[in-house]
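Enquirer: This is the structure I have questions about; it appears just below.
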Amino acid sequence: MTALTLPVVPLEGGLARYFREIWSFPILEKEEEQMLALRWRDKGDASAAHMLVTSHLRLVAKLAMKYRGYGLPLADLVSEGNIGLMKAVRKFDPDLGFRLSTYAMWWIKAAITEYILKSWSMVKLGTVASQKKLFFSLRKLKSRLNILDGSELTPDQAKRISKAAGVSTDEVVNMNRRLAARDLSLNAPMSSDEDGGIEFQDALIDERANPERMVAEREEFGHRSALLRDAVQTLPERERRIFTERQLQDDPVTLEELGQAYGISRERVRQLEARALDKVQAAVKKAAAEARLI
């Protein structure tokens with residue numbers, strides 16, 4: 001996959017040309033996408049993989065545009081998103097019956113957000129998911145509540161945002177200050193002393209888990225992901241699709257949309273979703289217990 005020749009993402013000023021180029025690639029029909037995915041998976045056909053990737057470059061561009069407010073070049077965001085797209089194509093399983101765009105969206109967003117988090121070198125983020133989620137949603141919440149971006153929050157504003165985000169007011173205030181601060185050079189001196197002064201990087205503390213723990217956590221996550229994937233595969237086709245579209249997507253499909261797709265009521269879709277969820281939870285717990293993961 002790394003050998004694929006893709007349109008080169010230019011510097012910021014040349015993005016218009018790049019966008020025109022990627023928009024010239026045709027969008028694949030479902031049958032054609034299925035055929036190409038099988039050719040790539042079963043025969044290692046690089047030309048098929050290339051068509052799958054290029055037909056989704058516009059999806060990467062659209063998603064990257066949503067993250068322009070973090071002070072990073074749009075070209076870099078697009079490049080990182082393209083890496084996520086290629087990973088998605090490499091791992092895509094056409095037998096599951098879903099479109100590549102549905103599957104690739106998660107990989108693209110993950111690649112872009114991971115790049116943003118790494119690039120904010122002086123923004124000390126917590127490791128919990130709620131703080132990372134707040135990092136990416138704070139500006140949107142402030143806009144929704146008509147709060148001026150870049151300004152210090154009043155106690156009332158912080159309280160309103162904390163309620164909407166489901167985090168404490170202290171977390172909101174601290175995150176707002178981090179986003180408002182400029183990303184300083186790690187080599188900038190912390191004092192005006194010319195002799196013996198220390199730099200910002202000298203005062204940074206590595207709070208990451210030790211390598212052994214990180215490896216163990218990755219392995220456990222991989223095991224649990226495999227258990228979930230196997231459990232979902234045991235569901236009947238309709239329940240599997242409803243479960244996937246409702247429980248495993250960043251933007252879940254509505255009950256009404258799924259009801260229209262299957263010609264059933266919203267309540268029936270909800271019942272099928274609940275039944276599928278119970279089956280998956282039971283299967284995962286049973287398999288995890290047998291494997292001594294829980």
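The values are calculated or read from the model by the stated rules, or taken from the named source; none is laboratory data. A quick note: this is a predicted structure, and the numbers were derived from the prediction, not measured. Counting neighbours? That spans all protein chains shown, and the Cβs are built from the backbone with ideal geometry, glycine included.
Enquirer: Just to be sure, is residue 11 in contact with a Pro (Cβ under 6 Å, 6 or more places away or on another chain), surrounded by fewer than 16 Cβ atoms within 10 Å (Cβ to Cβ) and either among the aliphatic types (A, V, I, L, M) or at pLDDT 90 or above (or both)?
Expert: no
Enquirer: Cβ contacts < 6 Å: first residue in contact (Cβ under 8 Å) with a residue 60 or more places away in the chain, restricted to segment 54-76; second residue charged (D, E, K, R), any location; separation 6+ or different chain. Result?
Expert: Every condition considered, the pairs that remain are 69/139; 73/12; 74/68; 75/12.
Enquirer: So, one more: Go through segment 133-171 and give me each residue that's over 25 Å from residue 63 (Cα atoms) and β-branched (Val, Ile, Thr).
Expert: 154, 167, 169
Enquirer: Would you point out which residue out of 275, 266 is free of Cβ contacts under 8 Å to residues at least 24 places away in the same chain, in contact with a helix residue (DSSP H, G or I) (Cβ under 8 Å, 6 or more places away or on another chain), assigned by TED's automatic domain parsing to the domain that holds residue 234 and of a type in the set (D, E, K, R)?
Expert: Result of the check over 275, 266: 266.
Enquirer: To continue, here is another question. Out of all the residues in segment 116-132, is one or more at pLDDT 80 or above and more than 20 Å from residue 70 (Cα to Cα)?
Expert: No.
Enquirer: Condition test on residue 272, is it modelled with pLDDT of 85 or more and not in a helix (DSSP H, G or I)?
Expert: No.
Enquirer: Moving on. Considering only segment 139-157, state which residues are small (Gly, Ala, Ser) and within 26 Å of the chain's Cα centre (by Cα).
Expert: Those that are small (Gly, Ala, Ser) and within 26 Å of the chain's Cα centre (by Cα): 143, 150.
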